[in-house]
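Working notes, structure below.
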Amino acid sequence: MAQYLILIYEDESNYLSRSTEVMQQAMQAHGRFAEEVVAQGGKILGGNQLAPTPTATSIRSDVVTDGPFVETKEALGGYYLVEAQDLDQAIAFGKLCPAPFGGVEVRPVVDNSGM
């Protein structure tokens, strides 16, 4: 089975004033997502929520700057590393991934183990 990264992009401002209820709903949605991936024959190998973009440090050549490199409405907020039979199954998992304030991107992980 191949590995795919499901990248979660959302508008962070929707989470700035989040209530406990909204966070509980989000955690429950991610729990259901994980259960569904397994139920459909996939495997979650890892995943994490990322700290907000103001905590980012960008590096371009030798230039280091605080914050994200570009201003965008949606920022990378978290990811899942999944194992799927093929890209079609990985896309199906991506469609299940909760991202109520944005969307997700599915990308294959390149296997460089033979290099």
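Looking at the range 8-44, which of its residues are modelled with pLDDT of 90 or more and of a type in the set (K, R)? Those that are modelled with pLDDT of 90 or more and of a type in the set (K, R): R32, K43. Scanning the range 8-24 for residues that are closer than 17 Å to C97 by Cα and outside any helix (DSSP H, G or I) yields I8, Y9, E10, D11, E12. If you go through the range 54-110 and keep only what is modelled with pLDDT under 90, assigned to a loop (DSSP other than H, G, I, E, B) and touching a strand residue (DSSP E or B) at 6+ places or on another chain (Cβ under 8 Å), you end up with A56, P68, F69, E74, P100, F101.
Within the span defined as the range 53-73, every residue fails to be surrounded by 13 or more Cβ atoms within 10 Å (Cβ to Cβ) and within 21 Å of F93 (Cα to Cα).
When you check G47 against the structure, is it at pLDDT below 95, open to solvent by less than 80 Å² (accessible area, probe 1.4 Å), under 11 Å from I6 (Cβ atoms) and assigned to a strand (DSSP E or B), yes or no? Answer is no for this residue. Quickly run through the range 27-44 and pick out the residues that are open to solvent by 70 Å² or more (accessible area, probe 1.4 Å) and either in a strand (DSSP E or B) or within 13 Å of I8 (Cβ to Cβ) (or both). The answer is K43, and nothing else. A search for C-beta distances below 9 Å between a residue of the range 1-29 that is free of Cβ contacts under 8 Å to residues at least 12 places away in the same chain and any residue that is part of a helix (DSSP H, G or I), counting only pairs 6+ apart in sequence or on different chains, returns R18/A26; V22/N14; V22/Y15; M23/Y15. From the list V110, V106, the lone residue that is hydrophobic (A, V, I, L, M, F, W, C) and touching a residue at least 60 places away in the same chain (Cβ under 8 Å) is V106.
The values are calculated or read from the model by the stated rules, or taken from the named source; none is laboratory data. Source: prediction; values computed, not measured. Here the Cβ is made from the backbone with ideal geometry for all residues, glycine too, and neighbour counts use every protein chain on show. Accessible surface is based on the protein model in full, side chains and every heavy atom, while ligands, DNA and RNA are left aside. Shrake-Rupley method; radii C 1.70, N 1.55, O 1.52, S 1.80 Å.
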